[in-house]
Amino acid sequence: MVGSDLVRYLSVLRYRVTGINRDNYSNLIGSTFDCIVNANGNSKRFWANKHVLEDFTRSTISVYKTIVDFTCKIYIYISSSDVYENHKSSKFTLENQSINLDNVSAYGLHKYLSECIVRNHSEHYLILRSSMILGKKLKKGPIYDILHKHPLYITRDSKLQMITTKEVAQIIDFLLRNKISREIFNMGGKGTVSFKNIDVRMQIPVTFMNKVEKQEYEMSVAKLVKIYPLETSTNYLVEFLNNL
């Protein structure tokens, strides 16, 4: 979802974009680019924690392969808020704070290891730790479930931070145009979307499964807000729904 939308949006902005996927990857090995944006890797957190070795192959070894197989001036890696051991509050998710990997899920660990690989092998890089991303080919998550009238596997008091693929593309464009590199940014809307009244907001009946976990994700976006005008998570959700 993220990769195909970034190809579309960045092509419109100012860039000549080459989309690399399973079909053309081997044919492009050895290519040189001004910038590589890696939106690859497994995005299914629950699956990853049950299939640790397979997730490591998809999310971490695949990053090493791109660094070996291609060369670029700047490498941008789309990471995850799950690298933080406590992602429930902005005060525990500052980009410069140390992370105790003993308390991170396998999914988060593999994303963090991928960040380390990028930083170790790239002279110029950007790490974008993203919240929930909403895009044209959305295929999972509570918003997808609501739209397809599936029950939610989170509690009604859950709160999630959100952003759209279009905004991700605009953030990447902004950072490249301003020649910003060797930085880590949390990337998400300001605040969260509460699921307490989500059925009213989306005007769709919503059901919640029993015996499910409460999810709370809210990274600090203060660092990015200092240089880029982020919207609220609610506004990004509304924009996504309006564009369906």
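Residue-wise test of (1) without any contact (Cβ under 8 Å) to a residue 60 or more places away in the chain; (2) surrounded by 16 or more Cβ atoms within 10 Å (Cβ to Cβ); (3) touching a Ser or Thr at 6+ places or on another chain (Cβ under 6 Å); (4) under 25 Å from Lys214 (Cβ atoms).
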site: Leu10; (1), (2), (3), (4): no, yes, no, no
site: Ile29; (1), (2), (3), (4): yes, no, no, no
site: Glu54; (1), (2), (3), (4): yes, no, no, no
site: Tyr84; (1), (2), (3), (4): no, yes, yes, yes
site: Phe92; (1), (2), (3), (4): yes, no, no, yes
site: Asn103; (1), (2), (3), (4): yes, no, no, yes
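Considering the range 35-148, the qualifying helices (runs of 4 or more DSSP H), each wholly inside and each with 3 or more residues that are closer than 24 Å to Ser11 by Cα, run over 62-69. Evaluation of Met209 against the conditions (1) assigned to a loop (DSSP other than H, G, I, E, B); (2) loosely packed, with under 13 Cβ neighbours inside 10 Å shows that the sole unmet condition is (1). Checked across the range 2-18, the condition of being in contact with a Gly (Cβ under 9 Å, 6 or more places away or on another chain) and outside any helix (DSSP H, G or I) holds for no residue. Of all the criteria given as (1) out of contact with any Leu (no Cβ under 7 Å at 6 or more places or on another chain); (2) of a type outside the set (Lys, Arg); (3) in a strand (DSSP E or B), the one not satisfied by Glu167 is (3).
Charged (D, E, K, R) and in a helix (DSSP H, G or I), is that true of Arg22? No; evaluated as a whole, the condition is false for this residue.
The lone criterion from (1) within 23 Å of Gly135 (Cβ to Cβ); (2) over 20 Å from the mean Cα position of the chain (by Cα); (3) small (Gly, Ala, Ser) left unmet by Ser4 is number (2). Looking at (1) free of Cβ contacts under 8 Å to residues at least 60 places away in the same chain; (2) touching a Lys or Arg at 6+ places or on another chain (Cβ under 7 Å), which is the only condition Asn178 fails? Result: Asn178 fails condition (2) only.
Residues in the range 212-228 that are in contact with a helix residue (DSSP H, G or I) (Cβ under 9 Å, 6 or more places away or on another chain), surrounded by fewer than 18 Cβ atoms within 10 Å (Cβ to Cβ) and of a type outside the set (Val, Ile, Thr): Ala222, Tyr228. Checking the range 232-241 against the condition returns no match, with no residue being modelled with pLDDT of 95 or more and either in a loop (DSSP other than H, G, I, E, B) or more than 16 Å from Met132 (Cα to Cα) (or both). Please determine, by comparing only the residues of the range 19-74 that are of a type in the set (Lys, Arg) and modelled with pLDDT of 95 or more, which one is nearest to Val104 (Cα to Cα). Applying the filter and picking the extreme gives Lys65.
The values are calculated or read from the model by the stated rules, or taken from the named source; none is laboratory data. What you see is a predicted model, and the numbers here were worked out from it, not measured in a lab. Every residue, glycine among them, receives a Cβ derived from its backbone with ideal geometry; neighbour counts consider all protein chains shown.
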